[in-house]
Amino acid sequence: MDRKLGGFLCAVFVVLALSLQETLCLNTCRQDPSAASHFCGLPYTLSNFQGYYACNKTVQVGRPDSKEQLLALIKNFARVKGVGVGHSWSQGFFCAGDDADSIDIVLTELPSTRRINALPKLSWLGDLYDSSFPIHVDEDAQTVTVDGGVQTRVLLDYLATHITAKGPMGWTLPSFSWYIDQTVAGAVATATHGSSMKYGSLSGQVLELEVALANGTLATFSPASNPHLFAALQVSVGRLGIITQVKLPIKAQKAVKRSLDTMSMDIFTQQLIQVEQKYKAALQSGDEGAIFKALEPVEAVQAFIFPVSGDLWKVSYQLVATTSLDSTSELAGVVDTEKYYQSITTDGTTSGPPKIPGAFAQTASPAQGGSIFIHIFNATGWDLLGKALLYPLVAPGVYSARKSYLTQADLSSAFMADLDPYDQYEVSVTMDKAGTCLAGAIEVWKSGASEGMRVPGLIRFVSEETPYLSNSNGGARMFVNLEDHVSHTLKKPNLEFERVVRYFVEECDARLHWGKAGWPFLEPCFDGAAHYAQWCDFGCAVEELDPSGKFRTESNAWSWRATQNGVDVPLQQCCTPTGFSSQCTCAPRTDRTGCPAPGTILHIVAD
Ligand SMILES: Cc1cc2nc3c(=O)[nH]c(=O)nc-3n(C[C@H](O)[C@H](O)[C@H](O)COP(=O)(O)OP(=O)(O)OC[C@H]3O[C@@H](n4cnc5c(N)ncnc54)[C@H](O)[C@@H]3O)c2cc1C
């Protein structure tokens, strides 16, 4: 690290230390106390974790204390939505409706989920003593069954400390995301992913799901019991019911070597163009082995891009046969599980008596104000700040899988959540144009759009998978995570930032992440049939599981149009027990109302 960066680092830490006090005093979220935000909504107010994308204040919050109560709530309300901890950026996919007959239901307050706080640090002992413990490991089958409201961080830390003869270094999920403070059900609902050309997203890894359905019953789905409904439920955005339990594969944890290569964005792009070319040739040959081999160079790669300086930090991983870990680096991203468990103790009844058992009025909660950092640092300052804060997290070394694969540390979560309101976008592009598309994005940044960036972008890769609404349904994809840290603070659109996300959507046919921003700004009149080959299969699952539209929300995305011999027919007419009939066509929608006129630009406006 050079001197300039070292001096800058010191200044940064002074500012951060001053901010720390504020952060630690505010403690209301369902995430680590040090990561808690005063502004986060759930489980008391319906908004995202920074108080944005809030629902109508009359919408109720469901905090059931049993699965029976959960099912009764579903029956009692006309409009229902399962939600996690609000780590997403979309009203349309988050709010059940816009009146008092609507309820958003959280699972974090189920006693079986909340009570993991009471367990000692070696939390896996709970499994031995208590059948209601919300995490169950089956070592022989190499699976874990976890309640939907458990947060990913808790699951990963639980697995990592589950030390047994078969898993002497603990256990882990095959692949997981950078952010791990969301609920497991929320992560699965939106195809949350890390970077893996082998294991795909969390949704792709799911083996079985238990879901509370619109008819007020609980049902379990697996590829064996019903492949069609399972493929729909693997990525459902909450449209099909409330996921109450998830079964995932696990692996005995191994040592993983993390490497860091620093290079320019241009060099990385050249490497990616080579991958793109080999992938295209492999696709043409139809040889599965060649396709896998072509994608090997980006397996598990996570690349941080700094568009202002043009730098790129490429992080890659390799399994190693050792049990001796680099102890100093264990400090990077360290997690204090005990502290985490204590955070899940707040009694769920603080907002007055329930209207009906388990249904509560929302409490008042402000949205987070502006970020002081926007005024202190310009885009170049943020570029350096990003490097200073990131370096300890990406430091090379040999760690346990849990520590080696990058995850956002709770303290960094704290600063971001509490002090810096932002919108996170993620666009995904098919691998047959990934390099070419990134080259075009770099040109957009070079033409001035880097001024709209504040934190580094993150490039990841996900293998092809079969859930109907998975971003990588139809082929492996490159994902580019981009954050707008300006518009909420300055209360005006960040036009240069928008230019880049629009480039990806319009020029590279990018899909949007279901749990991130851009809905409806970038997709004001989303037509699922144009984006997803199995859109109408998902529609058929909706017809079967939610015929009355209980889980439809206010989003205009949930629309299907079927034709048969060129004539419009009700979707139901084209649905079979195995999905959408091949005798029908999934046609472009014609029911779009309120769409902007062609050429009209919708801006991302801070609400
Ligand atoms: C800082 C940050 C970093 C992130 N990093 C990543 C990342 O590295 N990779 C990635 O892929 N994503 C990432 N995300 C996105 C995040 O994983 C998703 O938005 C996730 O869905 C949020 O889960 P949640 O529990 O907070 O759910 P919420 O935000 O409360 O809900 C999100 C969606 O999931 C549905 N949902 C939630 N719970 C249920 C349930 N029980 N049953 C059915 N539907 C449900 C909701 O209806 C809603 O549509 C990040 C988010 C944040 C805030």
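Residue 141 meets all of the listed conditions (1) more than 27 Å from residue 162 (Cα to Cα); (2) of a type outside the set (S, T, N, Q); (3) part of a loop (DSSP other than H, G, I, E, B); (4) modelled with pLDDT of 95 or more but one, namely (1). Filtered by the rule that a residue be part of a loop (DSSP other than H, G, I, E, B), without any contact (Cβ under 8 Å) to a residue 12 or more places away in the chain and over 30 Å from residue 90 (Cα atoms), the range 567-589 gives 581, 582. Hey, could you check the range 399-418 for residues that are outside any helix (DSSP H, G or I) and more than 10 Å from the ligand (Cβ to nearest atom) and say which is modelled with the lowest pLDDT? Per the criteria, the residue is 409. Considered as a group, the residues in the range 152-203 that are more than 9 Å from the ligand (Cβ to nearest atom) and of a type in the set (Val, Ile, Thr) include one that is surrounded by the most Cβ atoms within 10 Å (Cβ to Cβ), and that residue is 154.
Every residue, every condition in (1) modelled with pLDDT of 55 or more; (2) under 21 Å from residue 358 (Cβ atoms), yes or no:
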| position | (1), (2) |
| --- | --- |
| 24 | no, no |
| 28 | no, yes |
| 39 | yes, no |
| 44 | yes, yes |
| 68 | yes, yes |
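Restricting attention to the range 155-167, the residues being modelled with pLDDT under 90 and assigned to a loop (DSSP other than H, G, I, E, B) number 4. All of 530, 517, 541 fail the test of being outside any loop (DSSP other than H, G, I, E, B), among the small types (Gly, Ala, Ser) and buried (at least 19 other Cβ atoms within 10 Å of the Cβ), apart from 541. Among the residues of this structure, residue 492 does not count as one that is assigned to a loop (DSSP other than H, G, I, E, B), within 13 Å of residue 426 (Cβ to Cβ) and not small (Gly, Ala, Ser). Checking each residue in the range 544-566 for being in contact (Cβ under 8 Å) with a residue 40 or more places away in the chain and either among the charged types (D, E, K, R) or loosely packed, with under 15 Cβ neighbours inside 10 Å (or both) picks out 544, 546, 547, 548, 550, 552, 554.
The values are calculated or read from the model by the stated rules, or taken from the named source; none is laboratory data. Small disclaimer: the values here were computed from a predicted structure and weren't measured. Here Cβ is always computed from backbone atoms with ideal geometry, including for glycine, and neighbour counts include all displayed protein chains.
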